[in-house]
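I have placed the structure first, in the form of structure tokens, so that the comments after it can refer back to it.
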Amino acid sequence: MTGAAANGPMMRTLGGEAVWPPPVWLMRQAGRYLPEYRALRAQAGSFLALCLDPARAAEATVQPVRRFGMDAAILFSDILILPWALGWGLEFREGEGPVLPRFAGEADLARLEPGRVAAAVAPVLETIARVRAALAPDVALLGFAGAPFTVAAYMIEGGGARDFARARAMAQAEPGLFGRLMALLEEATGRYLSAQIAAGVDAVMVFDSWAGLLSPRLFARHAVTPMAGVAALLAQRHPGVPVIGFPRLAGSMLGGYARALPLAAIGLDTGADLEVALGLLGAGTAGQGNLDPAALLAGGRALAEETAAILAAARGRRFVFNLGHGVLPETPPAHVGELIARVRAG
Ligand code: CP3
């Protein structure tokens, strides 16, 4: 069926070993900074068409690993594929990012159709099978989804937003409606990730890109609790498959998140002080991060110094080297090669 599961540095780290030099992969390692990605997207016609074309999406997933030799590949897809699969509209406009219909009331809940998801995501699952079969057994394949809060936030805003005020206000002014949307997304996310694991991913990551905008009370309710539900479903269906959480911008709320959740690793954004953050995570959870994507864009001395500081803080710990957020589209590909070489030199 699918290719062999991965057994290299990434999976060993997620499984509990402190591996040195640490495994390295980059959020948004497939994307516009790579000329071969831009060519593939032009062939597909649009980003969404590329996500739903298994042969091309598999190629986009493998491209950065072929060029730079990262320790993990991340499925080429998007967190907004799940609302799309639920029957919600989705469009990616050039230079504008995602545009969705605005989720505004009870009538919109009825427009979401969980029964559509399995058939709609079939191309994504086929992509996974193709990638796992194409990757070397020491390279981990990561599946992913957006966390319920972050996906709800894009739906409520109708796209990206500076501070997601509309979504944060709905959570508080209309808790019943917001809670029903969150419950639906939690269930759909758990099932979607379970299907990705069944299709061949070695581990999954849940991106809560905007979780850190919530107050501690609301963070507990809308970031931690839904993640606990997703993790419990996955632990029951796929015991031992590592789950990575990424509650971006969580700051001092990281400790509570780590203590409450059975996660193999937690993603750390650029503002996380590694000494503090790795302490908050404790020994049971690996850290993953947190180089400034702008240091990678800058290259040279900035890249060398920032990389060295992270390696020094993480040495001896369970750690996955990554960025604090995604690769910026203007990044020269040569800087990525230089970064991987520096991490491999420990
Ligand atoms: O290489 C990888 O990381 C795998 C693929 C991946 C994409 N998006 C591809 C993508 C992953 C893991 C994501 C996650 C994602 N998508 C998040 C969570 C991480 C984060 O960045 O906070 C979010 C919030 C999204 C939603 C999204 N998708 C936005 C806001 C945008 C527009 C901004 C942008 O960078 O263009 C996208 C588009 C998107 N997703 C692109 C890619 C490669 C660019 C599409 C293109 O123009 O080719």
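Brief remarks on what is shown
- Check on ARG102, out of contact with any strand residue (DSSP E or B) (no Cβ under 7 Å at 6 or more places or on another chain), open to solvent by 30 Å² or more (accessible area, probe 1.4 Å) and under 23 Å from GLY160 (Cα atoms): yes
- Hey, PHE219 open to solvent by less than 10 Å² (accessible area, probe 1.4 Å) and either within 15 Å of the ligand (Cβ to nearest atom) or out of contact with any Leu (no Cβ under 7 Å at 6 or more places or on another chain) (or both) or not: yes
- Long-range neighbours under 7 Å by Cβ, at least six apart or interchain, first residue open to solvent by 50 Å² or more (accessible area, probe 1.4 Å) within the range 315-335, second within 11 Å of the ligand (Cβ to nearest atom) and among the aliphatic types (A, V, I, L, M): HIS325/MET27
- Failed criterion for ALA44 (all others in (1) in contact with a Phe, Trp or Tyr (Cβ under 9 Å, 6 or more places away or on another chain); (2) without any contact (Cβ under 8 Å) to a residue 24 or more places away in the chain hold): (1)
- Residue in the range 53-68 that is closer than 26 Å to ILE156 by Cβ, under 18 Å from the mean Cα position of the chain (by Cα), within 14 Å of the ligand (Cβ to nearest atom) and surrounded by 15 or more Cβ atoms within 10 Å (Cβ to Cβ) present: no
- Single unsatisfied condition, ALA188 versus (1) part of a helix (DSSP H, G or I); (2) over 22 Å from ILE74 (Cβ atoms): (2)
- Counting only helices (runs of 4 or more DSSP H) wholly contained in the range 70-132, the ones carrying 1 or more residues that are within 16 Å of the ligand (Cβ to nearest atom) and within 20 Å of the chain's Cα centre (by Cα) occupy 81-85.
- Taking the range 3-17 as the range and being open to solvent by less than 30 Å² (accessible area, probe 1.4 Å), at pLDDT 95 or above and not β-branched (Val, Ile, Thr) as the test, the residues that pass are GLY8, MET10, LEU14.
- Considering residues of the range 18-47 that are near the ligand (Cβ under 8 Å from one of its atoms) and more than 29 Å from VAL343 (Cα to Cα) only, the residue most open to solvent (accessible area, probe 1.4 Å): ARG41
- Any hit, the range 267-277, residues being surrounded by 20 or more Cβ atoms within 10 Å (Cβ to Cβ), among the small types (Gly, Ala, Ser) and touching a residue at least 24 places away in the same chain (Cβ under 8 Å): yes
The values are calculated or read from the model by the stated rules, or taken from the named source; none is laboratory data. As the structure is a computational prediction, the values presented were derived from the model and not from experiment. Positions of Cβ are backbone-derived with ideal geometry, glycine not excepted, and every protein chain shown enters the neighbour counts. Calculation scope for accessible area: heavy atoms of the full protein, side chains included, ligands and nucleic acids excluded. Shrake-Rupley method; radii C 1.70, N 1.55, O 1.52, S 1.80 Å.
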